[in-house]
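Nothing in this text is a laboratory measurement; each read-out follows from the coordinates by a stated rule. Everything quoted here is computed from the prediction, not taken from an experiment. Cβ atoms come from the backbone with ideal geometry, glycine included; neighbour counts cover every protein chain shown.
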Amino acid sequence: MPLWVFFFVILTLSSGSHCSLPPSMPLRMQRYADAIFTNSYRKVLGQLSARKLLQDIMSRQQGERNQEQGAKVRFGRQVDSMWVDQKQMALESILMALLQKHRNSQG
């Protein structure tokens, strides 16, 4: 809430003019002033609500981005693990073939 709105509300409520009217001011003018204040106050509340909604949406999007990045990291680790397993199996099969070739050439 902007600071000027806070002071405006405090001054309006503390002045006592909203409750007691000078005799020269007609009732119609008081209602008009109240309507202006109410309209301005609703606009400020609407702006605050819109700002809060926007902040919520932005924080949700940021949270989704963080979850996606975490999923990518986990998926990357799984792929790396599978790649290491495949490399290890390939190396084992090559070593077995070399060992058999070496045994066949000796025997």
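Worth pointing out:
- Segment residue 73..residue 27, full-extension length gain: 9.7 nm, with 0.36 nm per residue of separation and the alpha-carbon distance subtracted.
- Residue 86 versus residue 44: modelled label distance in nm, points set 7 Å from Cα along the beta carbon direction: 6.4 nm
- Eligible lysines near residue 52 by straight Cα distance, threshold 18 Å, same-chain separation 8 or greater: 43
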